[in-house]
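A.B. asks: Handing you this structure, nothing more for now.
The values are calculated or read from the model by the stated rules, or taken from the named source; none is laboratory data. Bear in mind that the values here come from a model prediction, so they are computed numbers and not experimental data. When we count neighbours, we look across all protein chains shown, and the Cβ atoms used for this are built from the backbone with ideal geometry, even at glycine. Note: areas computed on protein heavy atoms with side chains; ligands, DNA, RNA excluded. Shrake-Rupley method; radii C 1.70, N 1.55, O 1.52, S 1.80 Å.
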Amino acid sequence: MSALPLGSELPVVTDTFGRPLKSLRLSVTDRCNLRCKYCMPEEEYTWLPRETLLSFEEMSALTGFFTELGVDKVRLTGGEPLLRRNLPTLIRLLRQNPRIKDLALTTNGVLLAEQAQAFYDAGLHRVTVSLDTLRPDRFQALTRRDTFRQVIEGIEAVLRIGFKGLKLDTVAMRGYNDDELVDLIEYGKRVHAEVRFIEYMDVGGATDWSMDKVFSRDAILHTLSQRYGRIEPIIEESSAPAQRFLLPDGTTFGIIASTTTPFCATCDRSRLTADGLWYLCLYAKDGIDLRQPLRAGASQDEIKSRILAGWRARKDRGAEERKELEQFGVREKLIEVTKLREDPHLEMHARGG
Ligand code: SAM
Ligand code: SF4
Ligand code: SF4
């Protein structure tokens, strides 16, 4: 199983449900400069030990093993990925891998204005900015930081530089920002970005989660139809998490309805934490350690075999299992704070969204 020559047919590696290994989210740091209510609502966090964090060379090597097994989409995430110094160096390294067809970044946008040009020059394909509100005071309440202006400047920089395919991701929360959905769509039109509304998920780290704060896909569609009229679903074959819709004026938007309408059946995504643990599902309790064999000098074949065996045994359908709990009336937050402190890998901000 040594390195395959470029152009040779790649194996289609599938899990127990026939889902292919396709998309990898690389978390480059667990640190963050915001404290979003749905992700990091606590005062104190346990961080991954610095010496365990993968170097860019290690990330690139591991990504190379994944791409030889079928991964062709890579998304850089975190924590806040822009806190990792010299990120363009990683982008350049990854761009040397011709099997990666789509290299994207998810960021909260705070440090984007100063770094976007370097990302573009390094060859990053696409940027997604998380933006939950257009009101500075609300931004501060939702993130506990006063950096709304910087986020807007970051979005403007992405536009100016000429990135294509900008997306804005909004976690829709009942009672927090559900009155801004139309404003966000209108803002998206102005900056040529597709807005994607994400249902509030009960992932690890969402210690404030409760079902009554979830603003569901149906509620989102209802709210938007009151303003725009008829909304048409866009029918497309895709493993992408967002279902896309069309407004009468031609504007498109997406909804990621992980909480009320999970899409585990087509999920081809997995996640590598900044310290090299590989998680096969956002809700998985344990990850597969790839740092240890890499640092111990394991061969390419050994590490690829570990990845192959992990994916072939994959049975995860975390969001569907969470949904099933509703029939017993026991759907509450996923993990207690004390457990999260013992194992920070359980946190969404360590796993990457
Ligand atoms: N810090 C970057 C950012 O916020 O874009 C990247 C990492 S963040 C964990 C990735 C995505 O996860 C963000 O779009 C965020 O809104 C989403 N997210 C975090 N916690 C969530 C939750 N409880 N429910 C739904 N989405 C969540
Ligand atoms: Fe917010 Fe992203 Fe930071 Fe989580 S990781 S607190 S979603 S900015
Ligand atoms: Fe994929 Fe797990 Fe999310 Fe389901 S819950 S879509 S299996 S990551």
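A.B. asks: Is it true that some residue in the stretch 8-19 is open to solvent by less than 50 Å² (accessible area, probe 1.4 Å) and under 19 Å from the mean Cα position of the chain (by Cα)?
C.D. replies: Scanning the stretch 8-19 turns up at least one residue that is open to solvent by less than 50 Å² (accessible area, probe 1.4 Å) and under 19 Å from the mean Cα position of the chain (by Cα).
Here's the yes/no breakdown for (1) in contact (Cβ under 8 Å) with a residue 24 or more places away in the chain; (2) within 16 Å of ligand 3 (Cβ to nearest atom); (3) outside any helix (DSSP H, G or I); (4) of a type outside the set (Phe, Trp, Tyr):
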{"position": "177", "(1), (2), (3), (4)": "yes, no, yes, yes"}
{"position": "185", "(1), (2), (3), (4)": "yes, no, no, yes"}
{"position": "202", "(1), (2), (3), (4)": "yes, yes, yes, yes"}
{"position": "207", "(1), (2), (3), (4)": "yes, no, yes, yes"}
{"position": "221", "(1), (2), (3), (4)": "yes, no, no, yes"}
{"position": "225", "(1), (2), (3), (4)": "no, no, no, yes"}
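A.B. asks: Consider residue 298 carefully, then state whether it is over 30 Å from residue 157 (Cα atoms), modelled with pLDDT of 95 or more and assigned to a loop (DSSP other than H, G, I, E, B).
C.D. replies: The answer is yes for residue 298.
A.B. asks: List every residue pair whose Cβ atoms sit under 8 Å apart, with the two residues 6 or more apart in sequence or on different chains, where the first one lies in the stretch 257-273 and is of a type in the set (S, T, N, Q) and the second, anywhere, is open to solvent by less than 10 Å² (accessible area, probe 1.4 Å) and in a loop (DSSP other than H, G, I, E, B).
C.D. replies: 259/200; 259/202; 266/19; 270/21; 273/30; 273/48; 273/352
A.B. asks: For residue 249, are the conditions met, namely being in contact (Cβ under 8 Å) with a residue 12 or more places away in the chain, in a loop (DSSP other than H, G, I, E, B) and more than 16 Å from ligand 2 (Cβ to nearest atom)?
C.D. replies: When the stated conditions are applied, residue 249 passes them.
A.B. asks: Related question: Look through 339, 333, 323 and report the one residue that is open to solvent by 30 Å² or more (accessible area, probe 1.4 Å), more than 16 Å from ligand 1 (Cβ to nearest atom) and under 23 Å from the mean Cα position of the chain (by Cα).
C.D. replies: Result: 339 is the single residue among 339, 333, 323 that is open to solvent by 30 Å² or more (accessible area, probe 1.4 Å), more than 16 Å from ligand 1 (Cβ to nearest atom) and under 23 Å from the mean Cα position of the chain (by Cα).
A.B. asks: Would you be able to say whether some residue in the stretch 138-145 is of a type in the set (D, E, K, R), closer than 27 Å to residue 219 by Cα and crowded, with 21+ Cβ neighbours inside 10 Å?
C.D. replies: So far as the stretch 138-145 goes, no, none of its residues is of a type in the set (D, E, K, R), closer than 27 Å to residue 219 by Cα and crowded, with 21+ Cβ neighbours inside 10 Å.
A.B. asks: Residues in the stretch 263-277: is at least one open to solvent by less than 60 Å² (accessible area, probe 1.4 Å) and more than 18 Å from residue 74 (Cα to Cα)?
C.D. replies: Yes, some residue in the stretch 263-277 is open to solvent by less than 60 Å² (accessible area, probe 1.4 Å) and more than 18 Å from residue 74 (Cα to Cα).
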